[in-house]
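The structure under discussion appears below in the form of structure tokens.
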Amino acid sequence: MSDYYKHHYQVYHDRTFRVDPSSFLNPLTLHLKSGNTIVDVGCGSGRDILWLKNRGYDVIGLERSSSLAGLARAHTACRIIEADFETYDFSKLSADALVLIGALVHLPQPKFPKVFKAICQALKKSGILLITMKQGKGFEADPDGRRFYLWLDEDLREVFQSQNLGIIDFFRQPSKINPTETWLGYVLKKQ
């Protein structure tokens, strides 16, 4: 899994870039003002950055795969930080909002709270966060070698509460790529 996005970046881009992100990004934008700074963690090839930039937000991406980061730069002309979110020092950033669209799905549940807390250091005091995770129990393994860790709503809510984040919006949607999968979406605010 660790090299999938390095070696198959073009396949991933071709499969995901044309997906309309409105249904999962609109709930976030209801709570933002034009010009707000947003950090898209695990930004891939820049689809969500471009959508947010076109609506007047100042967007920065963070992507581990240098090939995907290059595509994101080319598509958006925005600042893209090449870094691994598991080790990056997010306290160096100051964002009005964070976007984690499927970014943490490859992170095993025991590691999730610590990494999630570190990422939240980028949020301003009144900042908000949008996160989506696959619904289910355990994990799924794709034939391409990627492992997706699944979550129940109540388990995610416990993590958010333990990190002093309140839920201001929640949605559940079928995947835009694979309708048999369901995604849980949360807009969270620091309390």
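At 0.36 nm per residue, minus the direct Cα-Cα distance, what do VAL19 and SER94 gain on full extension? Give it in nm, one decimal, please. If you can, show how the numbers build up before the last one.
Working: separation 75, 0.36 × 75 = 27.00 nm, distance 2.84 nm.
Between VAL19 and SER94, full extension yields an extra 24.2 nm.
Hey, can you grab everything whose amide H is under 5 Å from the amide H of PHE139? Only 5+ residues off in sequence or another chain; H modelled, so Pro and N-termini drop out.
HN-HN under 5 Å from PHE139: LEU150.
Can you tell me the length gained on complete extension of the stretch ASP58 to ALA118, counting 0.36 nm per residue apart and subtracting the Cα distance? Display every interim value, and only then the final one.
Details: separation 60, 0.36 × 60 = 21.60 nm, distance 2.17 nm.
The span from ASP58 to ALA118 would gain 19.4 nm if fully extended.
P(r) for segment 29-158, please, calculated from all Cα pair distances in 5 Å bins and given in %.
Cα pair-distance distribution for segment 29-158, in percent: 2, 11, 20, 22, 21, 15, 8, 2, 0.
Residue by residue through segment 68-84, what is 3J(HN,Hα) from phi via Karplus (6.51 cos²θ - 1.76 cosθ + 1.60, θ = phi - 60°)? Round to whole Hz and write x for glycine and proline.
Taking θ as phi minus 60°, the curve returns 5, 4, x, 5, 4, 4, 5, 6, 10, 6, 9, 5, 10, 8, 8, 6, 8 Hz for segment 68-84.
Please give the length that would be gained between SER66 and GLU140 if that part of the chain were fully extended, namely 0.36 nm times their separation in residues minus their C-alpha to C-alpha distance (nm, one decimal). Numbers along the way, then the final one.
On the way: separation 74, 0.36 × 74 = 26.64 nm, distance 2.57 nm.
Roughly 24.1 nm would be gained on extension.
In terms of Cα to Cα distance under 22 Å, which lysines are near enough to LYS124, apart from those fewer than 8 places away along the same chain?
LYS33, LYS53, LYS92, LYS114, LYS189, LYS190
Equivalent-ellipsoid semi-axes (√(5λ), Cα gyration tensor) for segment 31-98, whole Å, largest first? Before the final figure, lay out the partial values.
Numbers: eigenvalues 66, 47, 11 Å².
Semi-axes, largest first: 18, 15, 8 Å.
Long-range amide H contacts for ALA83: which residues qualify at under 5 Å (H placed 1.01 Å from N, peptide plane, sequence gap of 5 or more or a different chain)?
Amide H neighbours of ALA83, under 5 Å, 5+ apart: GLU63, ARG64.
Just to be sure I understand the curve: with the Debye formula and one point per C-alpha of segment 134-191, what is log10 I(q)/I(0) at q = 0.13, 0.14 Å⁻¹?
With no solvent term, the Cα-only Debye profile gives -0.40, -0.45.
Would you please give the residues with an amide H less than 5 Å from that of ASP169, counting only those at least 5 places away or on a separate chain, with H modeled from the backbone geometry?
Here VAL187 satisfy the definition.
Say each of LYS6 and ARG172 gets a label point 7 Å from the Cα, pointing the same way as Cα to Cβ; how far apart are those two points in nm?
Output for this residue pair reads 3.8 nm.
Tabulate in residue order the Karplus-calculated ³J(HN,Hα) for segment 182-191, using 6.51 cos²θ - 1.76 cosθ + 1.60 with θ = phi - 60°, rounded to whole Hz; enter x for Gly and Pro.
My calculation for segment 182-191 gives 10, 10, 9, x, 9, 9, 10, 9, 4, 10 Hz in order.
Over segment 63-123, with a single point scatterer placed on each C-alpha, what log10 of the ratio I(q)/I(0) does the Debye formula yield at q = 0.18, 0.23, 0.24 1/Å?
Each listed q corresponds, in turn, to -0.71, -1.10, -1.17.
Can you tell me which of GLU63, GLU154, GLU82 moves the most in a GNM of the chain? Springs connect C-alpha atoms under 10 Å apart.
In the Gaussian network model the winner is GLU154.
Quick one: what are the phi-derived ³J(HN,Hα) couplings along segment 148-161, Karplus 6.51/-1.76/1.60 with θ = phi - 60°, whole Hz, x for glycine and proline?
10, 8, 9, 9, 8, 3, 5, 6, 5, 4, 4, 4, 4, 4
Can you list the trypsin sites (Lys or Arg not before Pro) in segment 110-173 that are in a DSSP coil and have 15 or fewer other beta carbons within 10 angstrom? Let's see the in-between values first.
On the way: sites: LYS111, LYS114, LYS117, LYS124, LYS125, LYS134, LYS137, ARG146, ARG147, ARG157, ARG172; in loops: LYS137, ARG146.
Of the trypsin sites (Lys or Arg not before Pro), the ones in loops of segment 110-173 whose Cβ has at most 15 other Cβ atoms within 10 Å are LYS137.
Highest GNM mean-square fluctuation, the chain, Cα pairs closer than 10 Å: which of ILE80, ILE49, ILE167?
ILE167
For segment 85-167, what are Rg and Dmax over the alpha carbons, in angstrom?
For segment 85-167, the Cα-based Rg and Dmax read 13.2, 42 Å.
With n ≥ 4 as the cut-off for DSSP H runs, can you work out [θ] at 222 nm for the chain, using -39500 (n - 2.57) per run divided by the number of residues, rounded to the nearest 500? Don't jump to the answer; show the numbers that get you there.
On the way: 7 runs with 57 residues, N = 191.
-8000 deg cm²/dmol, from helical runs alone.
Every number here is computed from the coordinates shown, using simple stated rules; none is lab data. Just so it is clear, the structure is predicted and the values come from calculations on it, not from any experiment. Glycine gets a Cβ as well: all are built from the backbone with ideal geometry, and neighbour counts include every protein chain shown.
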